[in-house]
Amino acid sequence: MIVIPGPASEELGRKVAELLEAKVAPVVFKRFPDGESYIRLNADFKGEDVAIIQTTSPPQDTHLMQMLLMVDTAKNLEARKVVAVVPYLAYARQDKRFLEGEAVSIETVIKLLEASGTDEFLTVNTHEENVLRKFSVPAKSLSAMPLLAEYFKKRGLTEAFSLAPDRGASELAKEAAEILGGGYGWLRKERDRLTGEISTEEKILDVKDKDAVVFDDIISTGGTVAAAVEILKRQGAEKVYAACAHPLLIGEAQKRIMQSGADGIVGTDCVPSPVSIVSVATLIADALAKRGF
Ligand code: R5P
């Protein structure tokens with residue numbers, strides 16, 4: 001059994017390999033002057049089960065292309081089975097045609113992954129679980145919420161309120177609340193499909209003089225989480241943190257969240273970033289071990 005730590009998830013991939021005591025196949029990669037990706041795999045894959053760990057955070061298209069090249073090459077070099085481990089699955093938010101004529105981007109991504117030879121697929125907190133049904137090969141999404149909640153619990157945030165900044169994230173807050181205690185809730189958020197502007201409706205939450213954590217799958221521009229933090233602070237919450245599986249942190253996201261009154265931002269290494277404090281290595285290693293790795 002071999003683990004390939006892809007260029008976008010090298011550190012995480014190596015941690016997973018170490019936990020599994022698996023052989024690591026290093027990747028030689030570069031970008032040509034015109035932007036094309038080059039990949040070379042260094043191992044004998046014949047008859048082996050291979051797990052390729054590569055996130056598709058920005059630059060998404062390059063990271064996706066590198067993944068496709070790695071999967072196809074491993075299969076071409078006669079790997080028995082290839083598990084594509086994509087901690088952050090890009091394009092998952094475009095999972096339907098919201099406006100007439102739009103590309104259903106995630107379906108195209110799935111077709112590409114399958115066409116290149118993916119035999120099994122593993123991700124973490126994909127935006128909508130329904131996306132997994134679009135795969136023909138076995139596909140699973142793991143949740144990093146218990147790991148994030150444990151992180152806060154270890155730092156003394158017991159009985160903290162878990163808040164989802166929109167209805168879609170309510171399951172995430174619920175999962176976290178099982179560990180933190182302190183209850184959970186969610187807000188109602190609307191996004192303008194054309195401008196991308198969001199508006200969050202304020203509602204009364206049981207947070208006065210309590211610590212609180214906002215849990216979301218993705219922090220992109222930070223607008224969603226910042227709006228939730230402001231509401232919590234306005235309602236008298238004590239310490240307020242923002243937590244997510246995928247800290248994309250585009251542009252001024254970090255500054256925006258801190259300026260909204262947050263006491264900190266905690267993400268996972270599904271996406272390498274300055275706030276990727278919690279590692280999902282054990283989560284991925286356990287899932288791979290369960291399927292016989
Ligand atoms: C969308 O519903 C997601 O779950 C996130 O809430 C969203 O992607 C966050 O985006 P932003 O940080 O730009 O508000």
With 129, 150 as the choices, which residue is acidic (Asp, Glu), at pLDDT 95 or above and under 20 Å from residue 270 (Cα atoms)?
-> 150
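Counting only residues that are closer than 28 Å to residue 281 by Cβ and either modelled with pLDDT under 95 or of a type outside the set (Gly, Ala, Ser) (or both), how many does the stretch 209-239 have?
The number of residues fulfilling the criteria is 12.
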Looking only at the stretch 50-58, decide whether some residue is within 15 Å of residue 3 (Cβ to Cβ) and surrounded by fewer than 23 Cβ atoms within 10 Å (Cβ to Cβ).
-> no
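Quick one: would you say residue 269 is buried (at least 20 other Cβ atoms within 10 Å of the Cβ), within 12 Å of the ligand (Cβ to nearest atom) and among the charged types (D, E, K, R)?
In short, no.
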Residue that is farthest from the ligand (Cβ to nearest atom) [pool: residues in the stretch 211-225 that are among the aliphatic types (A, V, I, L, M) and more than 22 Å from residue 92 (Cβ to Cβ)] | 212
Before we move on, is residue 188 more than 11 Å from residue 165 (Cβ to Cβ), within 16 Å of the ligand (Cβ to nearest atom) and loosely packed, with under 13 Cβ neighbours inside 10 Å?
-> no
Is there a residue in the stretch 229-242 that is near the ligand (Cβ under 10 Å from one of its atoms) and polar (S, T, N, Q)?
-> no
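Scan the stretch 243-267 for residues that are over 18 Å from residue 93 (Cβ atoms) and either at pLDDT below 95 or not hydrophobic (A, V, I, L, M, F, W, C) (or both) and jot them down. Show your work before the answer.
Of all residues in the stretch 243-267, those over 18 Å from residue 93 (Cβ atoms) come to 243, 252, 254-266.
Across the stretch 243-267, the qualifying residues are 252, 254, 255, 256, 259, 260, 261, 263, 264.
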Can you tell me which residue within the stretch 222-277, out of those that are part of a helix (DSSP H, G or I) and touching a residue at least 60 places away in the same chain (Cβ under 8 Å), is farthest from the chain's Cα centre (by Cα)?
-> 232
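For the structure I just gave you, tell me whether residue 158 is assigned to a loop (DSSP other than H, G, I, E, B) and of a type in the set (Ser, Thr, Tyr).
Taking the combined requirement at face value, the residue satisfies it.
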Of the residues that make up the stretch 97-104, is at least one aromatic (Phe, Trp, Tyr) and surrounded by 21 or more Cβ atoms within 10 Å (Cβ to Cβ)?
-> no
For residue 83, work out the one condition from (1) more than 23 Å from residue 269 (Cβ to Cβ); (2) touching a residue at least 40 places away in the same chain (Cβ under 8 Å); (3) surrounded by 14 or more Cβ atoms within 10 Å (Cβ to Cβ); (4) among the hydrophobic types (A, V, I, L, M, F, W, C) it doesn't fulfil.
-> (1)
In the stretch 191-210, how many are within 16 Å of the ligand (Cβ to nearest atom), aliphatic (A, V, I, L, M) and touching a Leu at 6+ places or on another chain (Cβ under 9 Å)?
-> 1
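Yes or no, residue by residue, for (1) in contact with a Leu (Cβ under 6 Å, 6 or more places away or on another chain); (2) within 12 Å of the ligand (Cβ to nearest atom); (3) within 22 Å of residue 278 (Cβ to Cβ):
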position: 133; (1), (2), (3): no, no, no
position: 136; (1), (2), (3): no, no, no
position: 139; (1), (2), (3): yes, no, no
position: 144; (1), (2), (3): no, no, yes
position: 151; (1), (2), (3): no, no, yes
position: 160; (1), (2), (3): yes, no, yes
position: 167; (1), (2), (3): no, yes, no
position: 175; (1), (2), (3): no, no, yes
position: 182; (1), (2), (3): no, no, yes
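Has the stretch 56-66 got at least one residue that is more than 20 Å from the chain's Cα centre (by Cα) and free of Cβ contacts under 8 Å to residues at least 60 places away in the same chain?
no
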Kindly check whether there is at least one residue in the stretch 277-287 that is surrounded by 19 or more Cβ atoms within 10 Å (Cβ to Cβ), among the hydrophobic types (A, V, I, L, M, F, W, C) and within 15 Å of the ligand (Cβ to nearest atom).
-> no
Assess whether residue 29 counts as being within 16 Å of the ligand (Cβ to nearest atom), out of contact with any Leu (no Cβ under 8 Å at 6 or more places or on another chain) and among the hydrophobic types (A, V, I, L, M, F, W, C).
-> no
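The values are calculated or read from the model by the stated rules, or taken from the named source; none is laboratory data. What you are looking at is a predicted structure, and each value in this text was computed from that prediction instead of being measured. Neighbour counts run over all protein chains shown; Cβ positions are idealised from the backbone, glycine included.
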